[in-house]
Amino acid sequence: MTPPPAKPASARASVYALVGNPNCGKSTLFNALTGLKQKVGNYPGVTVERKVGTAYTQHGQPLTVIDLPGTYSLAARSPDEAVTRDVLLGRRTDTAMPDRIICVVDATNLERNLYLVHQILDLGRPVILVLNMMDVAEAAGLKIHTSRLEHTLGIPVVSCAASTGRGLIELKLALSRPDLPLSRHAWDVPAAIAPAVSELQASLQDSDKKQPLIARAEALLLLTDQDSVRVSGSTPLSPRTQEILSSWEKRWAADGTDWAAALVNARYDSIGRLTAEIIGTSSAPSGPSTSDRIDAWVTHPVWGWIIFGVLMGVMFLSIFTFAGIPMGWIENLVAAFSGWVSGLIPAGDFHDLVIDGAIAGVEGVIIFLPQILILFLFIGLLESTGYMARAAFIMDRLMSKVGLNGRSFIPLLGSYACAIPGIMAARTIEQPKDRLVTILVAPFMSCSARLPVYLLLIAALVPDEQVPVGLKIGIMLLMYALGTFGAFGFAWLFKKTLLRGAPPLMIMELPPYRLPKIRDVLLQMLERGGIFVKRAGTIILGLSIILWFLATYPKLPDNQPEGDPLAHSLAGRAGHAIEPAIAPLGFDWRIGIGLIQSFAAREVFNSSMGVIFAVEESDDESANELHLRDALRAAERPDGTKLFTPLICLNLMVFYVFAMQCISTIAVVKRETNSWKWPLFQLAYMTGFAWFICLVIYQTGRALGY
């Protein structure tokens with residue numbers, strides 16, 4: 001493929017904002033336009049994802065595309081919706097106002113999606129309207145007269161099916177147009193409201209130096225009584241504008257005028273007349289759609305739970321079976337690389353640092369990369385097919401028992417991959433108390449960082465290689481179930497005490513089922529896997545080297561040749577320092593070293609164990625050849641008893657289920673809540689509960705003779 005021509009140094013690529021309702025296929029279209037040329041980060045000051053990519057027109061001209069968070073309206077109700085509104089209105093100092101706007105709508109729900117388009121056209125900006133999922137609309141018997149819609153609105157309208165690539169050429173041709181026309185869109189503001197709009201518009205133009213149409217659009221947003229971020233946020237209204245707004249609100253309250261409802265109804269009246277002209281029906285067969293027929297099973301009170309359980313079981317079965325072959329490849333590659341490097345470096349401390357510190361430490365983590373990629377693959381498939389929303393739907397009844405609704409389950413389900421994006425996803429929850437409760441319990445969900453720890457300890461717990469894989473899957477499911485029930489239990493407790501409130505009602509759109517676009521799912525999987533490998537190659541490598549140093553120095557004096565070099569080291573002293581606190585749980589000072597290190601990242605526990613036991617057994621050549629799993633099985637206490645007994649392995653997994661062992665999550669909770677109060681509370685209650693429950697398990701197990 002011929003690469004697109006380079007742009008001249010003096011040229012500036014046009015900036016397009018990509019906007020649309022949730023579940024309209026906007027992200028799929030963004031990936032189709034930009035491919036791998038994407039940068040993902042956060043908007044400064046908020047935990048809202050910022051995705052910017054480079055696309056090319058059909059003529060090879062570069063342009064910048066900003067994928068804005070999905071929203072149903074410019075009248076923002078949550079932080080992510082506020083970002084979309086503020087970027088489009090030019091309120092953010094860190095993001096310039098886009099030159100043009102691409103509005104993506106779900107063609108199967110055109111009337112609802114056009115509400116956002118209606119508001120955007122008020123801005124008086126060049127707009128391209130993309131009717132996405134046209135293939136689904138046609139299959140449902142809908143016939144949309146695209147040319148009539150284009151003529152009525154006066155803007156380019158493109159029929160598209162982003163998942164299959166249909167319409168991409170037409171969209172790129174529209175992006176190539178240097179003279180996009182402004183919309184002929186017009187609608188009648190209710191007579192009782194129109195004078196207030198005019199006064200507010202004039203005030204906003206004078207105080208904020210806004211363009212007339214932008215000022216008018218802001219005036220309309222203020223009168224919906226939902227633009228709370230603008231009223232109380234970092235860009236407050238001028239005294240004059242606030243005075244006008246308050247005066248009109250008092251006047252309407254006196255005569256019983258519901259101004260917000262009047263504006264919304266007037267918009268929908270205009271949209272209703274438009275859709276009546278452009279939407280018809282074809283001769284497609286009537287009856288329930290494919291999505292409806294699938295939902296009859298997937299959302300069934302009984303079968304829905306069975307299907308959900310089967311899907312989770314298949315995911316864990318895949319983690320234990322399909323990943324075995326690539327894990328073997330990684331193990332052999334690392335062994336070969338370690339042997340090659342060992343032959344290049346003469347024996348000594350530097351040799352041990354590289355082999356037993358750096359390579360062994362990183363191997364203890366990357367060996368589990370195939371399982372983590374499978375986990376990300378399944379989550380990506382659940383999201384892209386539309387099943388994730390159904391999982392939230394069937395969980396709504398259960399979530400209501402603990403004071404939340406099914407919308408909170410989406411961040412919790414996302415936390416199975418990583419608590420950080422799960423906590424960030426909680427920003428879509430409208431009620432502040434429900435959002436905070438979701439944030440406080442999200443880290444209980446077993447994230448991918450715990451997966452290597454579980455897999456290692458399950459391997460040490462079940463020594464017989466002939467044990468059915470179903471037993472291992474059962475133990476893994478138990479860990480995930482414990483975290484889930486822990487999250488629900490504490491959510492119920494918080495909603496009854498600290499954050500008391502009635503369970504909110506859930507209104508959620510169930511998107512149509514779609515065949516997943518494998519390219520996008522794999523791209524997302526590789527992106528998340530790349531973050532994991534980057535962590536292994538930086539944080540874990542650095543910590544492994546530091547831990548090797550701490551576990552090696554200071555060395556025993558020459559007059560103490562029979563002493564324990566690990567116990568004498570700095571790491572051993574730190575482990576001994578916390579041993580009184582963890583000994584009642586059955587953990588010794590060596591496990592304590594791993595607990596300290598894994599606070600940076602849970603998966604560091606594996607590399608810590610690899611370094612500790614490689615150093616501990618360095619005088620025994622046969623022990624050096626043992627796999628980490630076998631090293632744990634062989635580890636002994638001073639009295640000769642096994643260190644990693646089944647009871648200890650189980651208790652250690654339970655500790656990692658409940659304890660807050662992730663400094664990155666604490667930092668994100670601080671940013672999300674804008675306070676140190678809640679992350680410190682989260683650290684204290686989770687770690688305290690983990691210690692207590694592990695104390696009960698270990699002491700009960702000992703009393704029963706285990």
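Coordinate-derived values only; no laboratory data. Note that the structure is a prediction, hence the values are computed from the model and not measured. Here the Cβ is made from the backbone with ideal geometry for all residues, glycine too, and neighbour counts use every protein chain on show.
Across region 648-656, computed HN-Hα scalar couplings (Karplus, 6.51 cos²θ - 1.76 cosθ + 1.60, θ = phi - 60°) run 5, 4, 5, 5, 5, 5, 4, 4, 6 Hz from first to last residue, x flagging Gly and Pro.
Give me the extension gain from residue 663 to residue 188: residue separation times 0.36 nm, minus the current Cα-Cα distance, reported in nm with one decimal. Could you put the intermediate results ahead of the total?
Values: separation 475, 0.36 × 475 = 171.00 nm, distance 5.37 nm.
Additional length available on full extension: 165.6 nm.
Model label sites at residue 519 and residue 329, defined 7 Å from Cα along the beta-carbon direction, differ in position by 2.3 nm.
Among the listed pairs 534/670; 210/250; 496/670; 51/210; 433/677; 26/172, those with a Cα-Cα distance over 20 Å are 534/670; 210/250; 496/670; 51/210.
With the crude spin-label approximation of a point 7 Å out along Cα→Cβ, what separation in nm comes out for residue 246 versus residue 546? In this crude spin-label approximation the distance works out to 5.4 nm. Highest-first packing order for the peptide set 435-444, 675-684 is 435-444, 675-684, based on the mean count of other beta carbon atoms within 10 Å.
Sort 265-271, 636-642, 339-345 by packing, meaning the average of other beta carbons within 10 Å per residue, with the highest value first. Could you put the intermediate results ahead of the total?
Values: 265-271: 15.9, 636-642: 9.0, 339-345: 10.9.
Output ranking for 265-271, 636-642, 339-345: 265-271, 339-345, 636-642.
Full extension of the segment from residue 318 to residue 265, taken as 0.36 nm per residue of separation minus the current Cα-Cα distance, would add 14.0 nm. Each peptide among 660-668, 292-300 gets the average number of other Cβ atoms lying within 10 Å of its residues, and from highest to lowest they stand as 660-668, 292-300. Taking only the C-alpha atoms of region 19-171, the Rg (one decimal) and the largest Cα-Cα distance, Dmax (whole number), read 15.0, 46 Å.
Inter-label distance, residue 292 to residue 637: 6.5 nm, where each label sits 7 Å from its Cα along the C-beta direction.
Beyond 15 Å, the tail of the calculated P(r) for region 80-123 holds 49 percent of the Cα pairs.
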